[in-house]
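Some notes on the structure that comes next.
The values are calculated or read from the model by the stated rules, or taken from the named source; none is laboratory data. Computed from a prediction, not measured in an experiment: that's the story for all the values here. Counting neighbours? That spans all protein chains shown, and the Cβs are built from the backbone with ideal geometry, glycine included.
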Amino acid sequence: MLLCVAALMYACDPSVDRQGMGGPILTADELNVSATPVQVNGQNTSNIQLQNNSPILSRWLLDGSVISRKPTDTYNVKRTGVVTIVFEGYNPDGTLVDKELQVSVDVLAE
């Protein structure tokens, strides 16, 4: 019985993918991401729609803090003026790529 179990264990040759997840390696210019304010009565509100259409993992930051890890989300920035939201993503080879997105906020959302 032990001989059969040992033979089965040595007969298996598990494959290990050492090449990464595959897919394109993107630069900041190639990212397809957006941060768009929700408009109410023609004014940009503090609710910002975040959208990542690139084939990489998402991380959205505001003032250095992570606000979302979802490819699509809505976040309330809680202030007016020009706001910089940073998108960070990880390429299949593990390299980090980021892009700053400027958003103009006219009024606070309720």
Options ASN32, ASN76, ASN41: the member that is on the phi > 0 side of the Ramachandran plot, out of contact with any His (no Cβ under 8 Å at 6 or more places or on another chain) and not charged (D, E, K, R): ASN41
The lone exception for SER65 - which of (1) modelled with pLDDT of 95 or more; (2) surrounded by 10 or more Cβ atoms within 10 Å (Cβ to Cβ); (3) of a type in the set (Ser, Thr, Tyr) it fails: (2)
Residues being farther than 12 Å from LEU50 by Cα and part of a loop (DSSP other than H, G, I, E, B) - total across region 63-100: 10
Given (1) more than 30 Å from PRO24 (Cβ to Cβ); (2) part of a loop (DSSP other than H, G, I, E, B); (3) not aliphatic (A, V, I, L, M), number of the condition SER54 does not satisfy: (1)
